[in-house]
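Since the structure comes first, as structure tokens, the remarks are kept for the end.
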Amino acid sequence: MKITNNFNVPETLLALANRDYYSKGNSDYSVTEIISPPRIQRLRKQHWDEMEQDVSEMLWSLLGSALHVVAERSEIADHTNEERLSAGIDNVILSGAIDLQHHQDDGIVITDYKFTSAWALRQDKPEWEQQQNIYKYLVERVKKKPVKSLRICALIRDWSRRDAMYSQDYPQSPIQIVEIPMWTYDRTEAFIKERVELHRNAKVKADWGEELPMCTEEERWIRETKYALKKEGRKTAVRVYDTEKEAQEHLAMMDAKDKAFVEIRKGEAVRCTGNFCGVAKWCSQYQQLLKEANVDNE
Ligand code: SF4
């Protein structure tokens, strides 16, 4: 991947961005890889040399790397920082780097650091649950010790003291500990096997030049279409509805002098449209959808 420097940031930062912090050791798959969509992983491998990213867009991944370096320096009794564990399963080696393990008498507490936004923290995070439970599986298999809890230490990038004061739903501090539900050993093993199989099949398809498995709606981060009831001259919506019927019903009750109307906020696959996967321009699934949308708009 080529890292560009469109905003003339210091060379030192550019050099850091060019360093490859990501390693999966001698394993076939990393935990991060198997929980991510096979289509994205394959396209990234196929187009790695053509991919480009500007260093200015890498702020949070750079800070994430910096955090790991700093955390490694903090040596405290019964705590293990940044340990990579591997295990064989279904003829492949799977490995994962665990940010922090706290060894207690009755088991190990696993903690992972995540930079996130206040909004994202309040959404479901299936990938956090999957990742942490695979770490639990690796620890229990390799160390033969029980894991007693799984936690995310969420570092909220856009935390606002004002929003925290006015909303109890809003995270009350810029660092939040999120407890993650634990799966049984058997459930996690079955999940890992399922994911490895998906990635193995995708590789075979890629090798044979066949169509890759499609990303699911969940993997494409689908944002549903919403219907906002608005008044002329007012920036924010009176109310936002999931269905047009509800919005129209509310509109019918409004006074004519309000000059109200329903604005359709079209849904989209955020990961594709924002190119958060990094491979949207090579993705036939997304390109086909764009083509169909253009035909509809003609
Ligand atoms: S563009 Fe969308 S469908 Fe294609 S790989 Fe990326 S997330 Fe998946």
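Every number here is computed from the coordinates shown, using simple stated rules; none is lab data. Remember, predicted model here, so these are calculated numbers, not experimental data. Virtual Cβ from ideal backbone geometry, glycine too; neighbours counted across all protein chains shown.
At a glance:
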quantity: Under 19 Å from the Cα of LYS145 - aspartates and glutamates, other chains or at least 8 residues apart; calculated: ASP78, GLU82, GLU83, ASP99, ASP105, ASP106, ASP112, ASP186, GLU189
quantity: Hits among aspartates and glutamates - C-alpha to C-alpha of LYS231 under 14 Å, sequence gap 8 or more where chains match; calculated: ASP255, ASP258, GLU263
quantity: Label-to-label distance, nm, for residues given as ARG234 and VAL69 (7 Å Cα→Cβ offset); calculated: 5.1
quantity: Relative packing of 156-162, 74-80, which averages over residues the other C-beta atoms within 10 Å, highest first; calculated: 156-162, 74-80
quantity: Members of LYS45/LYS205; LYS45/LYS281; LYS125/LYS226; LYS235/LYS259 lying beyond 18 Å, as alpha-carbon distances in this model show; calculated: LYS125/LYS226
quantity: Mean residue ellipticity (222 nm) of the chain, computed from DSSP H runs ≥ 4 via -39,500 (n - 2.57), nearest 500; calculated: -11500 deg cm²/dmol
quantity: The range 138-164 versus the range 247-272: alpha-carbon centroid distance in Å; calculated: 39
quantity: Efficiency of FRET between ASP54 and ALA293 - r from beta-carbon atoms, R0 30 angstrom, step 0.05; calculated: 0.65
quantity: Distance (nanometres) between label positions extended 7 Å along Cα→Cβ at THR4 and HIS79; calculated: 4.1
quantity: Cα-projected label distance for ARG200 with ARG157, points at 7 Å along beta-carbon direction, nm; calculated: 3.6
quantity: Label-reachable residues, the range 1-15, where backbone N falls under 14 Å from a point 7 Å from TRP282's Cα toward its Cβ; calculated: 1-2
